[in-house]
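Trainee: Pasting in a structure now, in structure tokens, and then I'll have a few things to ask.
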Amino acid sequence: MSDATTEAVRGVDAIDADVPDDEIPDSVPAESRAVETNGVRLHVVEAGPKDGKLLVLLHGFPEFWYGWHEAIATLANAGYRVVVPDQRGYNLSAKPPSVSDYRIDELARDVVGIVDAYGRETAAVAGHDWGAAVGWWLALHHADRVSEFVAVNVPHPTVFEETLRSSWDQRLKSWYMLAFQLPKLPEAVASAGNWRLAVRGLRDSSIPGTFGDEDVRRYRRAWNREGAFEAMVNWYRAIVRDRPTPERDRVEVPTLVIWGAKDRFLTKRMAGRSVDRCADGRLLTLDAATHWVVHEEPHRVAGAIADHADPLPPGARE
């Protein structure tokens, strides 16, 4: 472990005191760590060779690091140093109190800080849902820190904004983003009946059987953490209040867009339009999958990431 990483995980005992013994399933060859980045402490799960190419996997809403759990072993075995954070506000990570703490610029800087913490100049980044939104922002504003990017079922920010302006279909699909602007009510409705509606939302929008009882137990535990669900919803409040515009439109980082074609929340045509905004982009469409493609086809997604982002670190082929 580099000196930078050792410094980053100093104080790990403080976060480990709150980590359940079963936080990481036995099937996932990984460990919990704490990383100080951009003024917050994030819980991360790491796996794979310490000298492997750094790969940061970013989860979306309403998940946490566990959203990637079925892909971690495959990617670690491919040679990556896999780092999967609970992004700020989620599960075991810090939960700053203000909506402004969840602006997209701050979320992206969290990831840059993770790359710094592991003593690297760059990392490959793959994100699903909100994690992909953070990844697009990184690729547009911190391109020098991202070696390759994989976006899973969230489009380029300009494509999404243009589609929202022109498509009633997408506006209707995105109704919940406006509902989340209300104070307190979204948290109260989601948590009612032991998170009945939140669980139903996952199960009704995915292939039957995707989210089993053990998955639901873990999600409920993460959502129940003090301040967690409010912080998670604050991501939506911040993006609507801030309405950020990227400084540039064209993505120069090599980009792979993976899209579950049966996504209930996002129209498929945005996938191809996102690739068109990339200097070096390509699209992989999984026709049978939904928005939750990382759960439904985790090994295919992991294989596509490994094919896109060479797992060998610089100099390893010499």
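Bear in mind that the values in this text are calculations on the coordinates, not laboratory data. What you are looking at is a predicted structure, and each value in this text was computed from that prediction instead of being measured. Neighbour counts run over all protein chains shown; Cβ positions are idealised from the backbone, glycine included.
Trainee: Set the Förster radius R0 to 22 Å, insert the Cβ-Cβ distance between Arg171 and Arg250 as r into 1/(1 + (r/R0)^6), and round the FRET efficiency to 0.05. Kindly include the intermediate steps, with their values, before the conclusion.
Mentor: Numbers: r = 26 Å, r/R0 = 1.19.
The computed FRET efficiency comes out at 0.25.
Trainee: Let me ask you something else. Rank Ile239, Leu178, Gly227 by how far each Cα sits towards the positive end of the charge dipole of the chain (+1 on Lys, Arg Cβ; -1 on Asp, Glu Cβ) and give me just the farthest.
Mentor: Positive-end residue among those listed: Leu178.
Trainee: Now, a different point. Between the range 139-162 and the range 14-65, what is the separation of their alpha carbon centroids in Å?
Mentor: 22 Å
Trainee: In addition: Compare Ala108, Ala179, Ala73 in a GNM of the chain, Cα atoms joined below 10 Å, and give the one with the largest fluctuation.
Mentor: Ala179
Trainee: Compute the length gained on full extension between Glu161 and Ser100: take 0.36 nm times their separation in residues and subtract their Cα-Cα distance, giving the result in nm to one decimal.
Mentor: Numbers: separation 61, 0.36 × 61 = 21.96 nm, distance 2.03 nm.
Contour length minus Cα-Cα distance gives 19.9 nm.
Trainee: Express the relative contact order of the chain as a whole percentage, based on alpha carbon pairs under 8 Å and six or more residues apart in sequence.
Mentor: Working: 597 pairs, mean separation 63.5, N = 318.
This gives 20 percent for the chain.
Trainee: Another question, if that's okay. If you add up the charges near His59, with Lys and Arg at +1 and Asp and Glu at -1, over every other residue whose beta carbon is less than 9 angstrom from its beta carbon, what do you get? Don't jump to the answer; show the numbers that get you there.
Mentor: Numbers: positive: none; negative: Glu63, Asp86, Asp129.
Here the charged neighbours net out to -3.
Trainee: If you add up the charges near Val293, with Lys and Arg at +1 and Asp and Glu at -1, over every other residue whose beta carbon is less than 11 angstrom from its beta carbon, what do you get? Display every interim value, and only then the final one.
Mentor: Details: positive: Lys262, Arg300; negative: Asp129, Asp263, Asp287, Glu296, Glu297.
Around Val293, the charge tally is -3.
Trainee: Tell me the mean residue ellipticity at 222 nm calculated for the chain from its helices only (DSSP H runs of n ≥ 4, each -39500 (n - 2.57), averaged over every residue, nearest 500). Intermediate values should be presented prior to the final figure.
Mentor: Working: 14 runs with 136 residues, N = 318.
About -12500 deg cm²/dmol.
Trainee: Quick one: net charge around Met270, please, counting Lys, Arg +1 and Asp, Glu -1 for every other residue with C-beta under 10 Å from its C-beta. If you can, show how the numbers build up before the last one.
Mentor: Details: positive: Lys268, Arg269, Arg273; negative: Glu162, Asp263.
Overall, the nearby charge balance is +1.
Trainee: Stretch Glu121-Asp242 to full length: gain in nm at 0.36 nm per residue minus the Cα-Cα span?
Mentor: On the way: separation 121, 0.36 × 121 = 43.56 nm, distance 2.93 nm.
Here the segment from Glu121 to Asp242 would lengthen by 40.6 nm.
Trainee: Here's a follow-up. By DSSP, what percent of the beta bridges with both residues in the range 3-308 are antiparallel, rounded to the nearest 5?
Mentor: Details: 11 of 35 bridges.
So the antiparallel bridges amount to about 30 percent of the total.
Trainee: With springs only between Cα atoms under 10 Å, which of Tyr80, Tyr176, Tyr102 fluctuates most in a Gaussian network model of the chain?
Mentor: Ranking Tyr80, Tyr176, Tyr102 by mean-square fluctuation puts Tyr176 first.
Trainee: At 0.36 nm per residue, and after removing the present C-alpha to C-alpha distance, how many nm does the segment from Gln181 to Asp26 gain when stretched out fully?
Mentor: Length gained, Gln181 through Asp26: 52.0 nm.
Trainee: Quick one: if the Förster radius is 51 Å, what FRET efficiency do Ala192 and Asp144 give, using the C-beta to C-beta distance and rounding to 0.05?
Mentor: Numbers: r = 46 Å, r/R0 = 0.89.
Taking R0 as 51 Å, the efficiency between Ala192 and Asp144 is 0.65.
Trainee: Then there is this: What FRET efficiency would be calculated for the residue pair Val216, Asp276, taking the C-beta separation as r and a Förster radius of 45 Å, to the nearest 0.05? Don't skip to the answer; put the middle values down first.
Mentor: On the way: r = 38 Å, r/R0 = 0.84.
That gives a FRET efficiency of 0.75.
Trainee: Among all lysine pairs in the chain that are eight or more places apart or on different chains, how many have alpha carbons less than 24 angstrom apart? Walk me through the intermediate numbers first.
Mentor: On the way: Lys95/Lys184; Lys173/Lys184; Lys173/Lys262; Lys173/Lys268.
Count of close lysine pairs: 4.
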